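Single-structure report; data block below.
The values are calculated or read from the model by the stated rules, or taken from the named source; none is laboratory data. No experiment lies behind these values; they were computed from the predicted model shown. Here the Cβ is made from the backbone with ideal geometry for all residues, glycine too, and neighbour counts use every protein chain on show. What goes into the accessible areas is simple: the full protein's heavy atoms, side chains included, and nothing from ligands, DNA or RNA. Shrake-Rupley method; radii C 1.70, N 1.55, O 1.52, S 1.80 Å.
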Amino acid sequence: MFRRLENLVDPYVAYAEQDRPPRRLWPFLWGYSQPFKRLFALTAFMSVIVATIEIGLIWYMGRVVDLMTSGEPADVLANYGWELTFAAIFILTIRPLLQGLDVALLNNAILPQFGALVRWRAHKQVLRQSVGFFENDFAGRIANRIMQTPGSAGDAIFQVFDAITFSLAYLVGATILLIGSDPRLAVPLVIWFSLYAGLLGWTMKRVGPASKASADARSNTTGRVVDSYTNIHSVKLFAHHDQELAYAKEAIEQTRQTFAREMRIFTTMDVMLVTLNGFLIVAIVGWGILLWSQGSATVGVVAAATALALRLSAMTGWIMWAVSTFFRSLGVVSEGMETITAPIDLTDAPNAPALKLTRGEVVLDNLGHHYGRGTGGLDAINLTIKPGERIGLVGRSGAGKSSLVKLLLRFYDAEQGRILIDGQDIATVQQDSLRSAIGMVQQDSSLLHRSVRDNILYGAPDATDEQMIEAAERAEAHEFILNLEDPQGRTGYDAHVGERGVKLSGSQRQRVTLARVILKNAPILVLDEATSALDSEVEAQIQDTLYGVMEGKTVIAIAHRLSTIARMDRIVVLDGGHIVEDGTHDALLAQGGLYAGFWARQSGGFIGIDADDEAAE
C-alpha cells in the first residue's frame, strides 16, 4: 500500500524549464505544485471528511447524554442498543480507516515526493546558472537555500492539509452544530472567532517577514562557516583561527537577534491566545448553563457545547502554531527563492544547433569584455588560430589571459565582438556541445569528492576501464593511484580524494586532471598552467605526453614557465587586454620586446612578475 501511494506522483516528471521563473511566492509554489493538483484536491476533501466526523462525534456524545437521561437504563438499551452498537463499530473501524487514508495521503503520497520534486527542480535550475553566478555568492549559502527550501515548502503543504483545511472545516461544522442545538449558542463562537481572526492576522503580518529575515541570516551564517572549512588550509597557514571565529560570530549574532525577534511574536501570540480561549470556554459553557437553567437546552446540548468549547480551546493553540508555521515556512521559501528564481541570463538561443566541429579553427573577432566594469578583461582582440595550430598565451597578471579562456568556454557572454569556431558563433550553438569540444586542464586542479575512477571518467563517462587506465598511465598517474587508500579502506582507483582533491598532493591532482582530459580527447585543448604543480622530474616525464596529446588538436596554452611553451607554433603576448606581440619563440626573442624581457627575467622558467590571478581579470 505504501509503495502504491508513494508512486502516485513522479517527482522527476518532465517539465518546461524557465529562464525567468516566477519571482513571486504563490506563482512559484503553484508551478511546483502542478503534478500534485489532483492529489491535493483529494487530500483536502479527506481533511473535510475527518473534521466532519470529529464534529459528528461531539454531537453524538451529546445525544448519548440525552439518551441516558431519557429513561431507565434497561429501556434505553432496549430501544437504542443497536444504534449504540453501530456507533461503536463505526468508531472502531470506519473512522480509523478514513483518518488513516487522510494521514497516508499527506505523509506518504505527498510530502516525500513534493520535497524531492522541489529539491530536484531547484538544483537543476541553479546548475543552469553561469559560472559568474556562483562566483558572486557563497557556495554554502546557495546549497543551504537549495536544501532548506524544499523542507519548508513541504512544511507549508503539511500545515495546509493537516491543520488549516481541517480547522476551517471543523469551525464551520462547530457553528452548524451550535446553531442546530440553539442559535444563541453560536453567538459567543462568532465573537471569539472575530477576535481570533484579528490575532491571527496580527501574527501572520509579522511572522512571514521575521521568518524570511531569520532564514537569510541562517544562510549567511552557513555560507561563512562553509567558507572557513573550505579554505581551512589558509586559515591554519595564516593562524587566523580567532579572526575566523569573529567572522562567524558576527553572522551567528545576527542570526540570534533575528530569531529572537521572531520568537517575541510567538510569545505575544501565546499570551493573547490563552486569554481568548478562556473567553471562549466561559462564554459557551456559561451560556449553555444559562439556557439549561431556563429550560431552553437539554443536558446533552450543554454537554456537547462544553465538549466543543474545550476541543476548540485545545485546537486553537495547535491551529495558531500551524498557521504560524505555515507562514514561517513561506518566509523560508521566499528567502530560498532569491537563489532558485534568479534569472538565467546565459542561455542557449532558441532551437540552437549543436556545434559542428570539422577543422578546429578558432577566430576571435573584435572580442572585448570588461565584466561590466569598463576596465580590465579584454579590449577589441582579433586573433585567428588555425586548425591544429598550437599557440602559447603569455602576459602579466590581469592582461586578459583567463578572460579569453572563460569567453571561449562561454562562461560569460562577450560584451563586444564574437568568437567563431569553424565559422560558427559560439553564442548561437548549444553550450554543452561547445564545452564537449574543448578539453581543459586548469591551474587550480580541483577534483570532485569522489573516487579517482569517477574523477577520471568525468572526461568520458562511457570509457572502459582499460581506456581509463591508459589515460592515467599517459599522465604518469597510474603508479601512485595504485598505492592510494582512503580512511574507509578503499584503495587504488576506488579511493576517494576528499573535497576538491585535498587528500592528494598538488602534483597528484594535476596528473589525475591530465588523465581526465586525455580521456576526453577533445579536438580543442586549453592548458592553463597544466604543469604548474609538477616538479621538474615529473614534468619532464609527461612533457612528451602533453605534446603527443596536442597532436592534431587546436591548442591554447597559458604558461608562466616559458620553457613549456617555447615549442609552440606561435606565442601571443597580451598586455592590458590587447595583443602586443605575436610570433614564434625565436622571432619574439629577436624582436626584443615584452616576451624577450619575460624570458630574460624568468628564474627557473617562470615569469617572475606574473602570477596569474583570475579574479583580477
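Take the residues of the range 592-606 that are part of a loop (DSSP other than H, G, I, E, B) and touching a helix residue (DSSP H, G or I) at 6+ places or on another chain (Cβ under 7 Å): which is most open to solvent (accessible area, probe 1.4 Å)?
The residue in question is Gln602.
Within the range 337-352, track down each residue that is closer than 14 Å to Thr149 by Cα and either open to solvent by less than 10 Å² (accessible area, probe 1.4 Å) or among the aliphatic types (A, V, I, L, M) (or both).
Met337, Thr339, Ile340, Thr341
Any residue that is at pLDDT below 90, within 32 Å of the chain's Cα centre (by Cα) and on the phi < 0 side of the Ramachandran plot - is there at least one of those in the range 423-431?
Among the residues of the range 423-431, not one is at pLDDT below 90, within 32 Å of the chain's Cα centre (by Cα) and on the phi < 0 side of the Ramachandran plot, which makes the answer no.
Just a yes or no: is a residue in the range 348-361 part of a helix (DSSP H, G or I) and charged (D, E, K, R)?
The answer is no, given that none of the residues of the range 348-361 is part of a helix (DSSP H, G or I) and charged (D, E, K, R).
Does at least one position in the range 39-56 carry a residue that is more than 30 Å from Ala349 (Cβ to Cβ), open to solvent by less than 30 Å² (accessible area, probe 1.4 Å), modelled with pLDDT of 85 or more and under 18 Å from the mean Cα position of the chain (by Cα)?
no
Being closer than 18 Å to Ile191 by Cα, of a type in the set (A, V, I, L, M), in a helix (DSSP H, G or I) and open to solvent by 50 Å² or more (accessible area, probe 1.4 Å) narrows it down to one residue among Met272, Met263; which is it?
The unique qualifying residue is Met272.
Would you be able to tell me the number of residues in the range 569-591 that are surrounded by fewer than 15 Cβ atoms within 10 Å (Cβ to Cβ), among the small types (Gly, Ala, Ser) and free of Cβ contacts under 8 Å to residues at least 40 places away in the same chain?
Total meeting the criteria: 2.
Only one of these conditions is not met by Lys236: (1) free of Cβ contacts under 8 Å to residues at least 12 places away in the same chain; (2) in contact with a helix residue (DSSP H, G or I) (Cβ under 6 Å, 6 or more places away or on another chain); (3) open to solvent by 60 Å² or more (accessible area, probe 1.4 Å). Which number is it?
Result: Lys236 fails condition (2) only.
Being among the β-branched types (Val, Ile, Thr) and surrounded by fewer than 22 Cβ atoms within 10 Å (Cβ to Cβ), is that true of even one residue in the range 477-488?
Checked the range 477-488: no residue is among the β-branched types (Val, Ile, Thr) and surrounded by fewer than 22 Cβ atoms within 10 Å (Cβ to Cβ).
Can you tell me which residue is surrounded by the most Cβ atoms within 10 Å (Cβ to Cβ) among those in the range 90-136 that are assigned to a helix (DSSP H, G or I) and of a type in the set (S, T, N, Q)?
Gln113
Can you tell which of Val282, Val362, Val332, Val299 is open to solvent by 30 Å² or more (accessible area, probe 1.4 Å), touching a residue at least 40 places away in the same chain (Cβ under 8 Å) and β-branched (Val, Ile, Thr)?
Val299
Condition test on Ala314, is it buried (at least 19 other Cβ atoms within 10 Å of the Cβ) and at pLDDT below 75?
It is false that Ala314 is buried (at least 19 other Cβ atoms within 10 Å of the Cβ) and at pLDDT below 75.
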